[in-house]
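To keep things clear, I will list the structure first and then write my remarks on it.
Please treat every number below as a calculation from the coordinates, not as lab data. Computed from a prediction, not measured in an experiment: that's the story for all the values here. Here the Cβ positions follow ideal geometry from the backbone for every residue, glycine too, while neighbour counts run over all protein chains shown.
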Amino acid sequence: MRRSCATVCALCLAALPPVAGAYAFFGQPNASNGGPQPLQIDGTPVVWPDGKTDVAITLNFDESYRDSALDAMRTGWNAAGTPLQFSEGTTVAQPCRTSDGVNVAGWRMTTCDGSSFGDALAVTLVTHTRRSGRWEISDTDIIVNSSRQPWSAHRSGPFTSVPYDFHRIFMHELGHALGLEHPDEADQTVTAIMNSRVSDIETLQDDDIDGINYLYGDVDTRTNTRNQSDSGGADGALAVLALLGWGARAFARRGRRVMMRIR
């Protein structure tokens with residue numbers, strides 16, 4: 001029996017003043033038969049197994065956007081200094097195949113089920129799998145809304161929608177791929193690129209760095225030593241699919257929607 005849960009998070013396009021606070025993440029369940037717990041601010045996080053290895057992401061973008069995506073990896077999350085590092089994958093694959101173990105990022109005109117993005121700018125699909133009684137991340141796909149125009153590969157300065165800044169949007173989505181959620185949706189006040197509302201913030205803030213260090217700074221506590229690459233599979237019997245992304249005000253008003261099914 002496989003139990004799946006899809007959670008949708010969105011980001012408003014309104015620019016908000018920065019505040020101070022704490023990060024949020026998926027946590028391990030309190031009960032042995034529970035699933036990952038969203039919007040946690042303490043406890044044991046759900047992370048990639050063996051945080052000492054790379055998470056390779058195949059980038060299905062043209063040259064300027066691929067360069068921007070690589071820069072977001074290198075100057076953003078990799079520069080935070082944890083043992084877990086992003087790298088560019090080489091496996092040929094497309095987003096939305098959430099159980100193939102290939103981490104992919106690319107453009108799409110629609111979401112993975114063929115429906116409209118609405119006002120969302122990007123969505124990250126994170127698959128959680130339970131192995132040996134512990135939940136971990138096993139697959140991630142980032143899809144960027146190509147129907148939203150215009151885009152700029154990298155536009156520094158105050159956030160505007162003419163054009164949308166791909167670099168800061170992709171850096172936010174990479175945070176979801178690592179296991180972080182929207183801290184303001186966990187009732188935290190926060191200065192962070194991981195906030196659920198897009199703003200003038202375009203680089204990692206102290207809160208983002210504190211969050212990634214909480215998830216991956218103490219890798220000696222990780223019990224699973226399976227290496228992660230762009231071809232690592234998700235072989236568990238139970239999986240949770242979390243959809244997290246940045247969108248616009250109309251999309252965000254839907255709030256957090258959870259769908260569960262048994263199959």
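Give me a comma-separated list of calculated 3J(HN,Hα) values for the stretch 123-134, in order, Karplus coefficients 6.51, -1.76, 1.60 applied at θ = phi - 60°, integers in Hz, x for any Gly or Pro.
Rounded to whole hertz, the list is 9, 10, 9, 10, 9, 9, 10, 9, 10, 6, x, 10.
Residue 146 to residue 210: extension gain in nm, 0.36 nm per residue of separation minus the Cα-Cα distance? Don't skip to the end; give the middle numbers.
Working: separation 64, 0.36 × 64 = 23.04 nm, distance 3.17 nm.
Taking 0.36 nm per residue and subtracting the Cα distance, the gain is 19.9 nm.
If you take the beta carbon distance between residue 110 and residue 32 as r and set R0 to 41 Å, what does 1/(1 + (r/R0)^6) give as a FRET efficiency, to the nearest 0.05? Mind showing how you got there, number by number?
Working: r = 38 Å, r/R0 = 0.93.
Once rounded, the FRET efficiency stands at 0.60.
Once label points are set 7 Å from the Cα along Cα→Cβ at both residue 162 and residue 44, what is their separation, rounded to one decimal in nm?
Each label point is offset 7 Å from its Cα along the Cβ direction, giving 5.2 nm.
Hey, got the dipole for the stretch 35-127? About the Cα centre, +1 on K and R Cβ, -1 on D and E Cβ, debye to the nearest 20? Don't skip to the answer; put the middle values down first.
On the way: 5 positive and 11 negative charges, 25 e Å.
My answer is approximately 120 debye.
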